[in-house]
Amino acid sequence: MLAPSYATPREKFTYFVFAVYCALVFLFLVGPILVIMPLSFSSEPWFTYPLPGLSLRWYADFFTDDRWRIALQNSAIIAVCSTVVATGLGTLAALGLSRGNVPWAGLIMPILISPMIVPIVIVAVAMFFGFASVGLNNTYFGLIMAHAMLGTPFVVITVTATLTGFDRSLTRAAASLGASPWTSFRTVTLPLIAPGVISGALFAFVTSWDEVVVALFLASPDQRTLPRQMFSGIREQISPTITAAATMLVVFAAVLMTTLELLRRRSERLRGTMVA
């Protein structure tokens, strides 16, 4: 992005320095990732530069090896199911808390977002003992519920932020025209808060997709997720297949972040339309 055309020379110089600084910080953060990605195309099973040759064998191994294929399948199923649960619960919680007459709202909100504040190891240990008491350890349902608990705070925060600029008179107008509460929500509220809901769902999906600590505590060997398989591969047998998996995860995360940015801009446009 360039500085606005109406900016003074000093403002343009300041903007340029700030942009260079942000670019350097970005390169510092993504540098280790950029170093790893070329190794996934190495033709030999060792990590050296320069590359001895180029090959897609590690990507083929990722999709053909049963361990990686099952781990990818488990991650996809668990992430999708937990995202659906987290999105539903988080959206309902945000809608309820956005009303001004909710008692103890100031206490409820910190409790809802506590899973993203408390260290993940503490959360995993608590889930381990809590789920063990009801027989949910080493089950898909328990792992889905655990990941949903981790993703719900992100949905609550994003939907609550979207509801900040929501005009409640729209729902009252719909009710005055005979719309039921469900019809009003489906045709008025949901389309306007959809960018926030989708953003929260994407955050919940990424949280579940990348989660490894809770999976180490709650999942059985048959429920090994992709991050847990990568963690085990680093400990047991280092293979360039890990770099192929990491590269695909990075590309996938970049696509999701781009989608989130587009949704954020759409939400701002909708909010500006509502204000106007």
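Please treat every number below as a calculation from the coordinates, not as lab data. On a predicted model such as this, the values are computed, not experimentally measured, just so you know. Every residue, glycine as well, gets a Cβ built from its backbone with ideal geometry; the counts of neighbours run over all protein chains shown.
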Projected onto the charge dipole of the chain (unit charges on the beta-carbon of Lys, Arg, Asp and Glu, signs +1, +1, -1, -1), the Cα from Thr87, Gly151, Val250 with the largest positive-side position is that of Thr87
Treating only Lys and Arg (+1) and Asp and Glu (-1) as charged, each at its beta carbon, one finds that segment 57-275 has a dipole about its Cα centre, in Debye to the nearest 20, of 640 debye
For segment 142-184, one quarter of the surface area of the C-alpha convex hull, expressed in nm², comes to 4.1 nm²
Inter-part gap, Cα centre of segment 66-125 to Cα centre of segment 225-264, in whole angstrom, is 21 Å
Placing one equal point scatterer on each C-alpha of the chain and summing with Debye, one gets log10 I(q)/I(0) at q = 0.08, 0.10, 0.16 Å⁻¹ equal to -0.47, -0.71, -1.25
Between Ser42 and residues 5 or more places away or on another chain, the pairs with built amide H atoms under 5 Å apart involve Ser55
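By per-residue mean of other Cβ atoms within 10 Å, what is the highest-first order of 65-78, 30-43? The partial results should precede the final answer.
On the way: 65-78: 16.8, 30-43: 14.6.
Ranking, from highest mean packing down: 65-78, 30-43.
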Applied in sequence order to segment 193-200, the curve 6.51 cos²θ - 1.76 cosθ + 1.60 (Karplus, θ = phi - 60°) yields integer Hz couplings, x standing for Gly and Pro, of 9, 4, x, x, 5, 5, 4, x
Ranked output for segments 204-217, 134-147 by mean other Cβ atoms within 10 Å, highest leading, reads 204-217, 134-147
In segment 140-237, the trypsin sites (Lys or Arg not before Pro) that sit in a DSSP loop and have at most 15 other Cβ atoms within 10 Å of their own Cβ are Arg168
Between the modelled labels at Asp65 and Phe141 (7 Å from Cα along Cα→Cβ) the distance in nm is 3.3 nm
In the neighbourhood of Ala79 defined by beta carbon distances under 10 Å, the net charge of the other residues (Lys, Arg +1; Asp, Glu -1) is -2
If one compares the long axis through the Cα atoms of helix 66-97 with the longest principal axis of the Cα atoms of the chain, the angle in degrees, nearest 10, works out at 20 degrees
Placing each pseudo-label 7 Å from Cα in the direction of the beta carbon, Val118 and Leu170 end up separated by a distance in nanometres of 3.6 nm
Residue separation between Glu44 and Ala161 times 0.36 nm, minus their alpha-carbon distance, gives in nm 37.2 nm
